[in-house]
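Worksheet: one structure, shown below.
The values are calculated or read from the model by the stated rules, or taken from the named source; none is laboratory data. The model shown is predicted, which means the values in this text are computed figures rather than measured ones. Methodologically, a virtual Cβ is constructed for each residue, glycine included, from the backbone with ideal geometry; neighbour enumeration extends over all protein chains shown.
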Amino acid sequence: MTESSKKRFEKLIEGLKSSDREVKLMSISALGILKIKKHSEELHNLLSSPDKEVLAYTIKALGQIANPNSVKYLIDFISNPNEKLSNEAFDSLKKIDLSSVEDLVIKACSADQPVPLRKKLVELLSDYNDIRVSSLMNEILGQTRDPELLTSAISYFIKYPSPERHTSLKMLAGNGNWSISLAANLALSRLKDEGAFSQIKRLAKSSNSEIRQIIVNALNSHTLIEDREIYQVLFNDSRANIREASLVGLGLFAADERIKIIRQLINTEKDKKIRVLLVKKAAAEKTPLLFDDLFNLLRSSDEELQKASIEALGEIGEKIVDRILLDYERMPLLIREQLLLVLGRIGSQKATYLVKEALFAKERWLRINAIEASVSIKSPDLIEMVKSIVKDSKADIWVMATAVSALGRLNDTNTNDVLIPHLKNRDARVRANTIEALSALKWDGLPEACFPMLKDRNDRVRVNAAIALWKSGHSEVFGELEKMSRDRSRWVRASAVFALGQINDPEGTPILIRMLHDTEDMVYRNVLEALSWNGDLRALIPLLNEANRGRLSPEFYETILDRFAQTIKE
């Protein structure tokens, strides 16, 4: 570890030696979250601790860091009589790339080890295609009678087929234990054994969903072109998790077959998650043959599905523009709104023509989506039309706010003169968007204009002014944000947090840490988010304390801490 790195993390490393148990545990957790490989050397010394909780924390942290050098220490804990430590060690080893230390795991998996331990070690090795691992699995085939251990060893040869194992697998295929027999037949099918293939085809229609799940998982681990018939059965399985897993098999089909299958599944699938996945598969095909099916999904009330369909239609490109133009005027308003976003993605001459017309439609959302499409297309004519909307003092406020924001995303300083007057617009949304736009365009006069806007009656205007001023080098905005962070209104406090998150300056960290005590969940979540993007080491222990308090779900804190670690690395 370099001297600069040591100095940066000095407090956390010193905390490992603390006599205060809570400080020590928090320091261990912090180093684990940071995932810096060199820190594992500091943690190895704690594995001799008599304190079981310190051991559990240390083992977990070593798994998070995932340094292969830790394997020689962790492997001994798998056989620890303390079940918590044993399980923690196993979970940690699963997170480490064992390719450089396979010999250690293979050696530990000797025949004299208890079966439960060997099962764990076999599971750790199951993803490594290596002759030494293959030899171990072959030894187990001839040594053990334990059904679970034997099934695990056979499963290795499903993922990594071995013709040398054909005879022994044939013998096991007739075993009276169904899990052993199924695994052996699956392994034989990867060797293109006709009898095994027939057996798997029959079992893919079994009424037992556990068997069908095992089959789809096995096929996905090593697909063969011969699996297509089995996948066609699994595409229509009664269980959603099996149907979802089976989508891996789409890649085995020729383009015309694949498109036909996708069309059928999109129209019959009821599970939303799987439908979104199918739409993404459709997007990759980029074929107008899927236009009708994707077009129908624009009517969906589900935003995620609707968005995925817009993206997929955009991927098809210019080939569908004539289809859209043919019936556009007769389509429901909601569909026309969505199609404008599609046309923005396509950006052809005909698409641009329709977007131009929509910019001056009567309906508000047609104009709003036409502005968004214009930004995507970036046609000079369209941009001039968006500017004309911004110049129109009688324009709908929602449309105006959208147009102002759109011009800010174009990176064209020629739009400054059009935007500047709207710093004094009567509508707060327009004022706030104008500040954002001019800040993005780096207008020189913005700091002078923003100082009085720190006193604006609207909190979003105030925070946007603060962000713009900070970008211009004015750190005094933290005083204003500190005041806002103590406001009685949760919306004002949330705005202050948003600004501090956008500014992402260590000077704002103390304000955010204090706000971890905010009683409003909306504000509290935003504070956690802002600190995760900040990556200031001063926030790590407070974030860990919040995770231990458990005010929100464990998954939420895990995401926050992972993002914090990534920010530190970057």
request  = Identify all residues within the range 540-570 that are in a helix (DSSP H, G or I), over 21 Å from the mean Cα position of the chain (by Cα) and surrounded by fewer than 14 Cβ atoms within 10 Å (Cβ to Cβ); write none if there are none.
outcome  = ASN545, ASN548, ARG549
Single unsatisfied condition, GLY317 versus (1) buried (at least 21 other Cβ atoms within 10 Å of the Cβ); (2) under 14 Å from PHE291 (Cα atoms) = (1)
inquiry  = Among the residues that make up the range 25-41, is at least one of them acidic (Asp, Glu) and either more than 24 Å from GLN566 (Cβ to Cβ) or buried (at least 17 other Cβ atoms within 10 Å of the Cβ) (or both)?
reply    = no
request  = Filter the range 45-63 for residues that are part of a helix (DSSP H, G or I) and either of a type in the set (D, E, K, R) or buried (at least 19 other Cβ atoms within 10 Å of the Cβ) (or both) and give the result.
outcome  = LEU46, LYS52, GLU53, LEU55, ALA56, TYR57, THR58, ILE59, LYS60, ALA61, LEU62, GLY63
ask   = ILE180: at pLDDT 95 or above and either farther than 21 Å from LEU224 by Cβ or loosely packed, with under 14 Cβ neighbours inside 10 Å (or both), yes or no?
value = yes
task = Please indicate, with yes or no, whether at least one residue in the range 225-243 is free of Cβ contacts under 8 Å to residues at least 24 places away in the same chain and over 36 Å from the mean Cα position of the chain (by Cα).
result = no
inquiry  = Just to confirm my filter: which helices (runs of 4 or more DSSP H) fall fully inside the range 269-379 and include at least 1 residues that are within 28 Å of the chain's Cα centre (by Cα)?
reply    = 272-285, 291-296, 303-316, 333-346, 364-377
query = Can you tell me how many residues in the range 533-551 are under 12 Å from LEU516 (Cβ atoms) and not basic (Lys, Arg)?
reply = 8
key: Checklist (1) surrounded by 16 or more Cβ atoms within 10 Å (Cβ to Cβ); (2) modelled with pLDDT of 95 or more applied to LYS94, failing item   = (1)
task = Please enumerate the residues belonging to the range 102-135 that are within 27 Å of GLU53 (Cβ to Cβ), hydrophobic (A, V, I, L, M, F, W, C) and free of Cβ contacts under 8 Å to residues at least 40 places away in the same chain.
result = LEU104, VAL105, ALA108, LEU117, LEU124
query = Within the range 43-58, can one find any residue that is acidic (Asp, Glu) and in contact with a helix residue (DSSP H, G or I) (Cβ under 8 Å, 6 or more places away or on another chain)?
reply = yes
inquiry  = Looking at the range 479-486, can you tell me whether even one residue there is within 22 Å of ALA395 (Cβ to Cβ) and buried (at least 17 other Cβ atoms within 10 Å of the Cβ)?
reply    = no
remark   = Cβ pairs under 9 Å, 6+ apart or interchain, first in the range 512-535 and on the phi > 0 side of the Ramachandran plot, second aromatic (Phe, Trp, Tyr) and buried (at least 17 other Cβ atoms within 10 Å of the Cβ), ordered by first then second residue, are GLY535/PHE564
